[in-house]
Structures are given as C-alpha cells and as structure tokens.
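First up is the structure itself, then whatever we jot down about it.
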Amino acid sequence: MKRLTVAQYQDGLRSLDNLTEMIGEALEKAMDKRGELRRDSAYAWRGYKIVSFPGLDPNHYYCQIFLNQPNIVAFFEYYEMKPHPFQVDFDLVSSGFFLLDRAGQLQALVGFITIALDEARRWNDSDRRRQIVSERFL
C-alpha cells in the first residue's frame, strides 16, 4: 500500500464533499422544486434521501455514492433488501465525467438524475414492484 500524505487525505475529503454537494445541486435542478431532500451519510456512503417527490413513495429513494464503489453514483429504492429492488447507476469514469468542466459535470448529473427519476416513477407504479417489495412498505 502506498504512503498517504496529509495533503492527499485532505484533498480527497474535500473532493468527496464537493461531489456530494454537486449531486445535491443536480437533484434540486432535476426535481425542479417539486420535492424535498435530506443530505445524509454513514460510514459506507454519502448522499441524499429523497424525502418527497411526486410519484415516489416518501423516504424510500436515495441518490448517493458508496465508498466501496466511488466511481458510481447510485439512484435506488431501499428496503433493507440486497440487491436493491430498483437501482440505476451512473459511472463517473466511463462516462467521461472527470474530463468535463464544472458546468458539464453538473449537466451530466442532472441528466442522469432526470432519467433516474422517470424510471423510478415507472418502477414505483409497477406490478413488478408490488411483487418484490413487502406489502408493509407499499
């Protein structure tokens, strides 16, 4: 394993925080003031809970980065199930995200989240979801 400097550690944390802030900004733009978010984190992830948004069950959808997969922004429904019953991923590396300027990065995230929200609304109303997700959550 490679030696880590204080500067590298601090830069990494700032970068993660900046990306998390950008995800929040992209969520707000994609949701167009029609919903409510809550920034949240745990030891293994950073991101946002979608508290409310038209067409989605409240408090069941998230957009976040898992620290064991830092190149992926995941938009998913969570019910303590593995794998998640619904998940859409955005690969930051293969999409060329890091080659874009800030405006392009934000636009890419807004585009991803807009598509994910549309897919989540279709999933939320689907028969397949009712078959997979326990009735106590529906």
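Details
- Selection status of residue 21, at pLDDT 95 or above, among the acidic types (Asp, Glu) and out of contact with any Phe, Trp or Tyr (no Cβ under 9 Å at 6 or more places or on another chain): yes
- Options 47, 35, 24: the member that is farther than 29 Å from residue 130 by Cβ, surrounded by 14 or more Cβ atoms within 10 Å (Cβ to Cβ) and in contact with a strand residue (DSSP E or B) (Cβ under 8 Å, 6 or more places away or on another chain): 24
- Residue in region 121-129 that is touching a Gly at 6+ places or on another chain (Cβ under 9 Å), surrounded by 14 or more Cβ atoms within 10 Å (Cβ to Cβ) and either among the acidic types (Asp, Glu) or farther than 22 Å from residue 18 by Cα (or both) present: yes
- Condition check for residue 93: outside any helix (DSSP H, G or I), under 23 Å from residue 51 (Cβ atoms) and modelled with pLDDT of 95 or more: no
- Tally of residues being among the small types (Gly, Ala, Ser), over 20 Å from residue 126 (Cβ atoms) and either assigned to a loop (DSSP other than H, G, I, E, B) or within 12 Å of the chain's Cα centre (by Cα) (or both) across region 36-82: 3
- Consider region 57-90 and keep the residues that are among the acidic types (Asp, Glu) and either at pLDDT below 95 or out of contact with any Phe, Trp or Tyr (no Cβ under 9 Å at 6 or more places or on another chain) (or both). The one that is farthest from residue 40 (Cα to Cα) is 57.
The values are calculated or read from the model by the stated rules, or taken from the named source; none is laboratory data. This is a predicted model, so every value here is computed, not measured. Backbone-built Cβ (ideal geometry, glycine too); neighbour counts: all protein chains shown.
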